[in-house]
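In what follows, a structure is listed as structure tokens, so that the remarks can point back to it.
Values in this text are rule-based calculations from the coordinates and carry no lab data. Everything numeric here is computed off the predicted structure, so don't read it as measured data.
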Amino acid sequence: MPDPYALRNDPTTGAPAPSEPTAHRADPVRALLWALLVLSVAANTITSFGVVPLAVSIGLGVVTAATGITLISLHVRGR
């Protein structure tokens with residue numbers, strides 16, 4: 001069923017809007033952020049069970065939270 005609220009034409013030129021989504025410039029950034037998120041979660045898990053100073057675990061937790069928040073904000077902006 002077609003979406004009655006979807007814009008079918010570009011308002012400035014009147015040309016039809018592309019049906020396929022274009023590649024985002026942020027794709028390499030997202031890939032790097034996902035890799036950093038996985039690595040920081042793994043490192044944070046390992047440091048939680050090891051005898052490592054608390055500051056290292058907290059630093060990795062901050063990196064994990066920052067990457068997660070950045071990925072969420074990129075997702076919400078790309079909607």
Relative compactness, segment 27-77, computed as alpha-carbon Rg over 2.2 N^0.38 Å: 1.23
Could you tell me the relative contact order of segment 27-77? Use alpha-carbon pairs under 8 Å, at least six residues apart, and round to a whole percent. 47 percent
